[in-house]
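Notes follow once the structure below has been shown.
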Amino acid sequence: MNADSALVSVEESESLRERDLGLGIDTGGTFTDAALVDAGSGAVVAAAKSPTTRHDLAEGIELAIRALPAEALARVGLVSLSTTLATNAIVEGNGAPVCLVLIGYDQELVRRYGLDRLLPVTNVAYVAGGHTSTGTESQPLDESELVRVARANAGSVAAFAVSGFFSVRNPEHELRARDIIAKLTGLPVTCGHELANELDSVLRAATCALNASLVPLLRDLMLSVQRALAALGIEAPLMVVRGDGSLMRVEMALERPVETILSGPAASVVGAQALTGLRDMLACDIGGTTTDLALVRDGLPGLNDKGATVGRWRTLVKAVQTVSRGLGGDSQVSLDRSTGRLSVGPRRAMPLCFLASRHPEVGHDLERMLSAPAQYEPSDLAFFAISRPPAQGSAYSDVERRILAALAARPQPLWRLIKGDPWVGLYLSHPNLLERSGVIIRSTFTPTDALHVLGTFVAWDRQAALDGARLLGLWLGKSAEEAASMVTAEVQRQLLRSFATMLSGGKTAVNEGSPDDVLLDLALNGHDDACDLEVTLRSRLPIVGLGAPAGHFVMPVASLLSAPAELPAHHGVANAVGAISGSVVVRETLELQGLYEASGLVGYMLTGPFPAQRFAEKEPALAEAIARATDLARWHAQAAGAAQVEVKLAIEEQEGTPSLSASEKLYLGTRIVATAVGRPQFAASAVPVAHLEQPC
């Protein structure tokens, strides 16, 4: 929604000279945002936007940073990044090749119940070993088989993932396997117990495999970002946003990249809180590509305790509970001419007004279509352009080479590309490699074009947007302004459906054509003479609009819901503000279990991210558990980049009754959860991870 040359806003602030600044960066689907935030007051000092360069995210990041004032960049003491890399790589299946090693898993059981379908990799090796639920060894680790697996896969994978069946109760075999594989191959190795403490062994293995597949990708991005920061003279710690909105040092992120999934939506929630100070809200972040919604109550966003799902894969990663849909300012507008129905999204496209501002010949093609509209179909209102140079040596098909040759000199409309070559039309009508890899980009009429037509937002070639709306209007029997209004109304209708679903707590699933949808249409369009039913809706929660198009789409829908609505200053870079406004939050969970034999309770076993430890008495066992949980949480928070760490404990004792008639309670165990929270360290106070003494 803002000019691609990086729109910059700067506010006068004494903090430029006197206080450290934090630099927040968010790589969205359409734009990369950068924001400088005063560490003391939380005020936004400067902000910038630049197009997201999907083929190389670091390129767009550097462009956005370079658009910020140099005198302000000199005061940066901390940099934090929220990135779509992990989410996109999982959704698109672009992770690095991985070998998943399962220790102590029953291979026949996994296959018989189809659990292998939950694993995101096919290269799976089963190795004997493992522990019981109490942390005792059930079978020795087959180290000779581990050596064979490591050597057999060393030349064909980029990383290994190791998951033991009960490793959360005793990670000894995972740790030993990691040492063996790393020594033999020199490749990164992820252990399952480091990422999740749930007993769900299959989902833990899936999470572990996804993490391993992301390690090389995130490493390359972080190295590029660090080089860009160095080139700009920024010497500051680099942090990354987790999916729950908390922050972690880049060193930890490189070991746990799967925890960065959904970091963008999480950053928007943190940004909404930072910009408004509200403790209760429905946050709606609408960008160019997607719209993300999240509920915040009593200052806390909802968390998906069962683990986030990304694409077709379930994980055990805790993430902010958001609802995302493919709807934004740059969503493709499609028209079914037989029904006269307009649809918006979920596919993203470059606005016609933007493409024409860079290539005036696009306007000439639109004029040609307007001179004989009956010769064209709505699907012809699509252009294609080279987005980045094709990779040297890439093995493109014949049809892909023909497309690239046709686009080499200038963007071309679809109708010209398919003239005499129907294979091109077939290729471009389906998801394809050239668009997915970012080599070419599709351009068509979008909500951004509709805003240009209506005059509510004009940044590029309004005439091209107007010509596109005229074509839609001719096919619809409407004026250009009426066609543009239909597009904005459809965006608002989709937002209203999403708001109603979220605010009803999921009790109303508002789908197109449902009875509830009819009521929403009445609320949206108002009363007419053909209907004697008047519908009004009211939200009890404030609605906060975020993202560049929020004022044009979110605020009108909020008014329909009679909701307190807020469009905060700097709402267009809320994600970047959220990226630098979060805290470091680390949780460590330990389990103290009762050990029983025929004679009764005979001892206690303490389990966690260390070899299981047995105790004869409960009190010393519980004291050790509390001390260990506290030390581990504090250390991990400091390793994640926190300063002034505070640790809170939650102790839950579990009891049961052996029978209905029994009067005495049976001790089952105690769960100790230590939560460490701290603000991220700025450059002057940052302590290298290597200098932190790790607890045993």
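For the residue pairs 49/318; 306/665; 618/648; 306/648, the C-alpha atoms sit more than 27 angstrom apart in 49/318; 306/665. A straight chain from residue 198 to residue 220 at 0.36 nm per residue would run longer than the Cα-Cα distance by 4.9 nm. Extension gain for residue 396 to residue 618 (0.36 nm times residue separation, less C-alpha to C-alpha distance): 73.3 nm.
Beta bridges assigned by DSSP with both partners in the chain are antiparallel in approximately 75 percent of cases. Using a Förster distance of 56 Å, how high is the FRET efficiency between residue 74 and residue 144, based on the Cβ-Cβ distance and rounded to 0.05? The computed FRET efficiency comes out at 0.45.
Over all pairs of different C-alpha atoms, the stretch 76-192 has a mean inverse distance whose reciprocal, the Kirkwood radius, equals 15.5 Å.
Other residues within the sphere of radius under 9 Å centred on the Cβ of residue 264, judged by their own Cβ, net out at -3 (K and R +1, D and E -1). To test your reading of the geometry: what angle, between 0 and 90 degrees and rounded to tens, separates the Cα axis of helix 263-276 from the longest principal axis of the chain? With rounding to tens, the tilt is 80 degrees. As a length-normalised measure over Cα pairs under 8 Å and 6 or more apart, the relative contact order of the chain settles at 14 percent. For the stretch 540-660, a Kirkwood radius taken over Cα pairs fed into Stokes-Einstein (25 °C, viscosity 0.890 mPa s) yields D = 128 µm²/s. A simple spin-label model places the labels of residue 597 and residue 41 7.0 nm from each other, with each point 7 Å out along Cα-to-Cβ. Scaling against 2.2 N^0.38 Å puts the C-alpha radius of gyration of the stretch 331-486 at 1.02. The label-point distance for residue 653 and residue 91, in a model that sets each label 7 Å from Cα toward Cβ, rounds to 4.8 nm. Its residues counted as N, the chain yields a C-alpha radius of gyration over 2.2 N^0.38 Å of 1.05.
Where a number appears in this text, it was derived from the coordinates with a stated rule and is not lab data. All values reported here derive from a predicted model rather than from experimental measurement. So basically every Cβ, Gly included, is an ideal-geometry build from the backbone, and we count neighbours across all protein chains shown.
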